[in-house]
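Visitor: Dropping the structure in here first, questions after.
The values are calculated or read from the model by the stated rules, or taken from the named source; none is laboratory data. Since we're looking at a predicted model, the values are computed, not measured. So basically every Cβ, Gly included, is an ideal-geometry build from the backbone, and we count neighbours across all protein chains shown.
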Amino acid sequence: MKSGWLALIPVGLGLFMVLLDVSVLNVALPRIAEDFHARMSDVQWILNAYTLTMVVLLVFAGRAGDMVRRDHYFMAGMVFFTISSFLCAQSWSIGSLIAFRALQAVGGAMLSGNTLAIITELFPPGKRGMAMGLNSILIASSFTLGPIIGGWLTTHLSWHWVFYLNVPVGITSLTLAYLLLPPLGAKEKMPLDIAGTLLLAVGLGSLTLGIIKGQDWGWWDQKTLASFIIAIPYLFAFSMRELSHSYPILDLSLFKIRNFSVGVLSLSILFFGMSASIFLLPYFLQGIKSLTAEESGYWMLALPLMNTIISPLAGRLSDRMNPKYLMGIGPLFFALGLYSLTSIEESITIWEFFLKLIPMGIGMGILMSPSFNVIMASVPQEKVGMANGTIRSINTLAQSMGVAVGGVLLTNRMKSWIPGYGNQIPDPGTMNLLRILSKSNPMPLIGMIEGFIDSMHYVFSIVMWFPFISSIIIVLFLSSEEHLRMMRQVRLKDNYPSKSS
């Protein structure tokens with residue numbers, strides 16, 4: 001076990017670097033736009049190119065990891081990500097930066113599409129719960145540590161260091177992976193389904209594009225509708241091909257595994273609700289509270305802090321008790337946290353805000369690590385990479401959908417305060433300026449500030465019901481007997497090794 005935990009160090013570093021890259025970069029976008037004299041709508045493609053490429057490649061990257069030495073594959077992904085990060089820092093234009101971000105996402109897909117699979121291989125059933133807890137800690141931490149790190153780097157150095165930072169971290173992770181990762185042999189040798197991969201790429205790519213750009217283009221705009229219309233037949237054709245193909249890139253029979261489907265669905269609903277709500281908090285903190293991006297990250301530290309405490313414990317317990325109890329109660333804590341956010345006002349203090357976020361951090365920790373543990377334990381060993389890529393792809397898509405739906409709910413509510421209000425969420429800088437001006441006198445500006453806070457409360461009050469749905473699905477449909485039986489067999493084998501030989 002000691003070697004397994006040591007081997008987990010470079011894997012955790014790699015995953016954290018990939019997850020952090022989005023939230024770190026968010027802070028630097030205004031400075032990048034200023035340096036390149038670019039419009040913010042163009043600069044947004046730095047994020048979009050990364051998200052699109054990741055969603056398109058994650059299933060393929062996970063499947064490819066089942067067919068090669070996974071330790072070598074992880075190191076190759078690290079090399080790719082590190083080199084492309086350096087190229088991003090050296091970009092000479094918006095176009096070059098967008099292109100290098102897409103390359104960076106290729107390495108990111110290779111890394112994040114295989115992390116759960118590596119944990120599954122490093123730790124036997126019954127002993128991987130705490131390791132899965134580490135995975136959920138890294139996911140939660142990336143949301144809030146990104147603005148702190150990105151804000152400091154952008155303020156004290158330059159936006160280039162948002163990417164340069166990945167170089168020493170990548171080299172360290174690569175070196176440790178070479179020294180600590182044991183040989184992880186290929187589980188299946190078969191040809192890759194290139195045609196299926198292309199169908200999935202076009203289908204998922206079009207769907208994701210429509211989701212992430214719908215707010216900007218307008219949901220009934222021709223470009224948005226075209227994206228969704230293109231996605232439907234390609235995803236249908238992909239499904240038909242995978243059902244009949246001898247070597248599918250995504251074995252759809254995985255979804256016949258009850259715990260796999262229930263776990264993926266419950267996690268995706270939580271990620272949806274988490275993104276639809278949490279993405280609004282920086283607007284409140286930076287726009288209404290007039291905090292810097294770095295300061296707003298400190299205000300949100302309750303999420304990763306509580307997750308860091310709870311996730312390993314919940315993961316460990318999921319190896320020893322019925323995971324349905326943990327997975328069922330986790331979303332309820334998250335819903336409680338969202339309910340408490342429906343009452344936040346401009347005058348809230350950091351400690352009051354901290355207390356309101358605590359239930360959300362607890363809920364994330366209680367649900368995520370047991371879910372990852374149960375999902376990966378239910379999948380055949382030779383398909384863990386495929387399962388890993390599928391989980392990450394669906395969760396990334398759910399996050400994008402959450403941001404889109406949260407934006408729609410917010411702007412539609414704003415129209416009740418300001419007739420004719422469009423579909424754009426004002427950036428934090430504009431909101432902060434309006435807040436300052438509203439103190440001078442003009443009633444319309446006061447209305448906009450009050451309208452945003454009310455609309456934010458409205459979003460929280462709607463989104464809080466999604467964790468309840470996740471909890472109901474888990475309680476009604478998760479089958480814990482098989483997982484518990486596997487855990488009992490592992491404990492018996494540990495206690496009576498001579499009888500198991």
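Visitor: Select, from Arg63, Arg69, the only residue that is under 25 Å from Gly12 (Cα atoms) and either in contact with a strand residue (DSSP E or B) (Cβ under 9 Å, 6 or more places away or on another chain) or crowded, with 23+ Cβ neighbours inside 10 Å (or both).
Guide: Exactly one residue qualifies, and that residue is Arg63.
Visitor: Evaluate the following for Gly95: is it part of a helix (DSSP H, G or I) and crowded, with 24+ Cβ neighbours inside 10 Å?
Guide: no
Visitor: If you don't mind, another one. So which helices (runs of 4 or more DSSP H) are wholly in region 114-194 and hold at least 2 residues that are modelled with pLDDT under 80 and of a type outside the set (Asp, Glu)?
Guide: Fully inside region 114-194 and qualifying: 115-122, 129-156.
Visitor: Go through Ser311, Ser266, Ser277 for me and flag whichever is within 18 Å of the chain's Cα centre (by Cα), within 17 Å of Thr390 (Cα to Cα), buried (at least 23 other Cβ atoms within 10 Å of the Cβ) and not β-branched (Val, Ile, Thr).
Guide: Of the residues listed, the single one that is within 18 Å of the chain's Cα centre (by Cα), within 17 Å of Thr390 (Cα to Cα), buried (at least 23 other Cβ atoms within 10 Å of the Cβ) and not β-branched (Val, Ile, Thr) is Ser266.
Visitor: For region 456-474, check the following and say yes or no: at least one residue is out of contact with any strand residue (DSSP E or B) (no Cβ under 9 Å at 6 or more places or on another chain), surrounded by 16 or more Cβ atoms within 10 Å (Cβ to Cβ), farther than 30 Å from Leu285 by Cα and modelled with pLDDT of 65 or more.
Guide: yes
Residues checked against (1) hydroxyl-bearing (Ser, Thr, Tyr); (2) crowded, with 17+ Cβ neighbours inside 10 Å:
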{"site": "Ser91", "(1), (2)": "yes, yes"}
{"site": "Phe100", "(1), (2)": "no, yes"}
{"site": "Gly170", "(1), (2)": "no, yes"}
{"site": "Tyr178", "(1), (2)": "yes, no"}
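Visitor: Could you please find all residues in region 342-372 being in contact with a Phe, Trp or Tyr (Cβ under 7 Å, 6 or more places away or on another chain), in a helix (DSSP H, G or I) and surrounded by fewer than 24 Cβ atoms within 10 Å (Cβ to Cβ)?
Guide: Ile350, Phe353, Pro359
Visitor: Same structure, new question: Mind telling me which of the residues Leu25, Leu6 ends up being under 26 Å from Leu181 (Cβ atoms), modelled with pLDDT of 70 or more and aliphatic (A, V, I, L, M)?
Guide: The unique qualifying residue is Leu6.
Visitor: Of all residues in region 373-399, how many are part of a helix (DSSP H, G or I) and either under 30 Å from Thr342 (Cα atoms) or not hydrophobic (A, V, I, L, M, F, W, C) (or both)?
Guide: Here the count works out to 17.
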